[in-house]
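Each remark here refers to the structure printed beneath this line.
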Amino acid sequence: MARYEFATHRLFVEAPMAREARIPLTPEAFNYLAHVLRMPEGGRLLVFNGRDGEFEATFHLLGKKAGAVHIRVQTRLQDRPGRITLAFAPLKSARLEYLVQKAVEMGAARMVPVLTRRTQMRGLKPEKLRAWAIEAAEQCGILSLPEIAPEMTLDAFLDLQATDSALIFCDEEAHTSDPVAVLRQVAPAGPLTLLIGPEGGFDEAERTRLLARKNVIRLSLGPRILRADTAVVAGLAALQIAIGDWRAD
């Protein structure tokens, strides 16, 4: 389905969508369209909800402080979510926002904050992570939003992992010179989990438990030490190149 050139703004709406439906806007969405973008009555935009695909819609005022979007025509069908779970040790706010947004752009289908012994931040608010994910999806034309899991300890996270799923954990002490070659050892059809540790890495007890697990791959991301948020981007890029949706089949 062709994308309309004049509908350049994208908005996430938490409502079922179908042609000719009229969806009331939240106060935040109304303020963004009416006062930030100064969208006129009948202005065109693209809307999505993470489930029903993307639609062209028009903006309509319902008063000075309320509005709605009128769904017109579908522009893209809903895509299938990817198969990569990103598990990560929480970071401080600004870098955490970057991590979430880049993970969405790189195709993470699920995100799990994992508390390790060297984790700096605790008590994450899932609604904040979801807001950052929605912002990235709006800006980058993404249709599927990642599932945001509640934070959990590393032990709890590992206990929940299926024994037949591949777990890739990035470790600066791993002796691998070609991460793409290492990743191509993973069966491409199964679920994939990428685990990024905290600043300072995993401690020896954590590393020992990870290595004792079946179907685990210990991965180096090159000769330089990366910050945790950079490691997320590098790890997801390597994964997508090797066995993900960047491959040319």
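The values are calculated or read from the model by the stated rules, or taken from the named source; none is laboratory data. Just so it is clear, the structure is predicted and the values come from calculations on it, not from any experiment. Reconstructed Cβ throughout: ideal geometry from the backbone, glycine too, with neighbour counts over all protein chains shown. When the accessible area is computed, the model is the full protein with side chains, heavy atoms only, and any ligands, DNA or RNA have been set aside. Shrake-Rupley method; radii C 1.70, N 1.55, O 1.52, S 1.80 Å.
Got a sec? Which of M121, M152 is open to solvent by 60 Å² or more (accessible area, probe 1.4 Å), of a type in the set (A, V, I, L, M, F, W, C), farther than 22 Å from L11 by Cβ and more than 16 Å from the chain's Cα centre (by Cα)? Can you show your working first?
Working: M152 fails: open to solvent by 60 Å² or more (accessible area, probe 1.4 Å).
Within the list M121, M152, the selection yields M121.
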(request) Filter the stretch 201-224 down to residues that are open to solvent by 50 Å² or more (accessible area, probe 1.4 Å) and in contact with a helix residue (DSSP H, G or I) (Cβ under 9 Å, 6 or more places away or on another chain) and give me whichever is farthest from R80 (Cα to Cα). (result) R209
(message) Taking the criterion of being among the polar types (S, T, N, Q), more than 29 Å from L124 (Cα to Cα) and over 24 Å from the mean Cα position of the chain (by Cα), would at least one residue in the stretch 198-216 satisfy it?
(response) no
(message) Anything in the stretch 152-169 that is closer than 14 Å to I217 by Cβ and among the polar types (S, T, N, Q)? List them, or say none.
(response) Q161, S165
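Would you check if L221 is closer than 18 Å to F88 by Cα, in a loop (DSSP other than H, G, I, E, B) and in contact with a strand residue (DSSP E or B) (Cβ under 6 Å, 6 or more places away or on another chain)?
Values: closer than 18 Å to F88 by Cα: yes; in a loop (DSSP other than H, G, I, E, B): yes; in contact with a strand residue (DSSP E or B) (Cβ under 6 Å, 6 or more places away or on another chain): yes.
Judged against the criteria, L221 is a match.
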(message) Where the second residue is in a loop (DSSP other than H, G, I, E, B) and open to solvent by 30 Å² or more (accessible area, probe 1.4 Å) and the first is at positive phi and at pLDDT 95 or above and lies in the stretch 9-28, which pairs have Cβ atoms under 9 Å and are six or more apart or on separate chains?
(response) none
(request) Go through the stretch 184-200 and give me each residue that's open to solvent by 70 Å² or more (accessible area, probe 1.4 Å) and within 19 Å of F88 (Cα to Cα). (result) P191
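Quick one: how many residues across the stretch 26-42 are open to solvent by less than 70 Å² (accessible area, probe 1.4 Å) and assigned to a loop (DSSP other than H, G, I, E, B)? Reasoning before the result, please.
Within the stretch 26-42, the first condition is being open to solvent by less than 70 Å² (accessible area, probe 1.4 Å), and the residues that meet it are 29-30, 33-34, 37, 39, 42.
Checking which are assigned to a loop (DSSP other than H, G, I, E, B) leaves us with 37, 39, 42.
Residues in the stretch 26-42 being open to solvent by less than 70 Å² (accessible area, probe 1.4 Å) and assigned to a loop (DSSP other than H, G, I, E, B): 3 in total.
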(request) For residues that are crowded, with 17+ Cβ neighbours inside 10 Å and more than 19 Å from the chain's Cα centre (by Cα), scanning just the stretch 71-105, find the one that is nearest to G190 (Cα to Cα). (result) T75
